[in-house]
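**Student:** Can you read through this structure? Questions will come right after.
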Amino acid sequence: MHDEIKEILIPEEDIQVKTKELASEITEKFDGKFPLAIGVLKGAMPFMSDLLKRVDTHIEMDFMDVSSYEGGMRSTGEVKIIKDLNTKVKGRDLLIIEDIIDSGLTLSYLVDLFKYRGANSITIVTLLDKPSGRQSDVKADLVGFEVPDAFVVGYGLDYQEKYRNLPYIGVLKPEIYS
Ligand code: PRP
Ligand code: MN
Ligand code: MG
């Protein structure tokens, strides 16, 4: 598996250090509140797990499974809900957790949906931000790392459902997808 990676962009240690910093900011921001943390499956799973176990205040967790890439390299532009929340968001303070913002289409869809459902506030945390891909004006409140315009995998991010279980963020060798 690792020999299909051209380059490690963000090593495991750097992810862990950054995750601790982000968790402290979340603790500070939501201290005394009871936010609903929403993990966007499947990509956000490893980050959500590492992040939230370091948040030192009460939070509720739920998951939304949406997909727009269908395992490929490019967003289809159409966001499909595969699994909705079990929790009502009306009046709640939300913390949306993502692995990456690329075109921003997934997040702008979710933000609109949660506003429509009457959320009190929406905070976005993403491990990775790829500003070069943006097709909507959505912005994260908390960002782990900015990444260049390369197809990155690992730590939740997939190519054709593979590589989510890598402990680091890496760039695939071009021969894997060409
Ligand atoms: C990926 C990623 C983000 C989204 C970002 O999810 O995990 O959720 O795309 O891209 P965007 O900003 O261009 O919308 P994907 O749809 O591949 O589903 P997955 O998380 O199950 O892999
Ligand atoms: Mn995703
Ligand atoms: Mg994907």
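The values are calculated or read from the model by the stated rules, or taken from the named source; none is laboratory data. Remember, it's a predicted structure, so these values are computed and weren't measured experimentally. Every residue, glycine as well, gets a Cβ built from its backbone with ideal geometry; the counts of neighbours run over all protein chains shown.
**Student:** Answer yes if at least one residue in region 54-63 is modelled with pLDDT of 95 or more, closer than 19 Å to Gly154 by Cβ, more than 15 Å from ligand 1 (Cβ to nearest atom) and touching a strand residue (DSSP E or B) at 6+ places or on another chain (Cβ under 6 Å), and no otherwise.
**Tutor:** no
**Student:** Let me ask you something else. Any idea which of Ser24, Ser49 is out of contact with any Ser or Thr (no Cβ under 9 Å at 6 or more places or on another chain), closer than 23 Å to Lys130 by Cβ and surrounded by fewer than 21 Cβ atoms within 10 Å (Cβ to Cβ)?
**Tutor:** Matching residue, one of Ser24, Ser49: Ser49.
**Student:** Continuing with this model, one more query. Please report, ordered by residue number, the strands (runs of 3 or more DSSP E) entirely within region 120-178 with at least 3 residues that are among the hydrophobic types (A, V, I, L, M, F, W, C), within 16 Å of ligand 2 (Cβ to nearest atom) and surrounded by 18 or more Cβ atoms within 10 Å (Cβ to Cβ).
**Tutor:** Ranges flagged: 121-129.
**Student:** Lys83 passes all but one of (1) buried (at least 17 other Cβ atoms within 10 Å of the Cβ); (2) within 15 Å of ligand 1 (Cβ to nearest atom); which number fails?
**Tutor:** Among (1) buried (at least 17 other Cβ atoms within 10 Å of the Cβ); (2) within 15 Å of ligand 1 (Cβ to nearest atom), the lone unmet condition for Lys83 is (1).
**Student:** Can I ask one more? Among the candidates Val79, Val55, single out the residue that is away from ligand 2 (no atom under 12 Å from the Cβ) and of a type in the set (Val, Ile, Thr).
**Tutor:** Criteria check complete, one pass: Val55.
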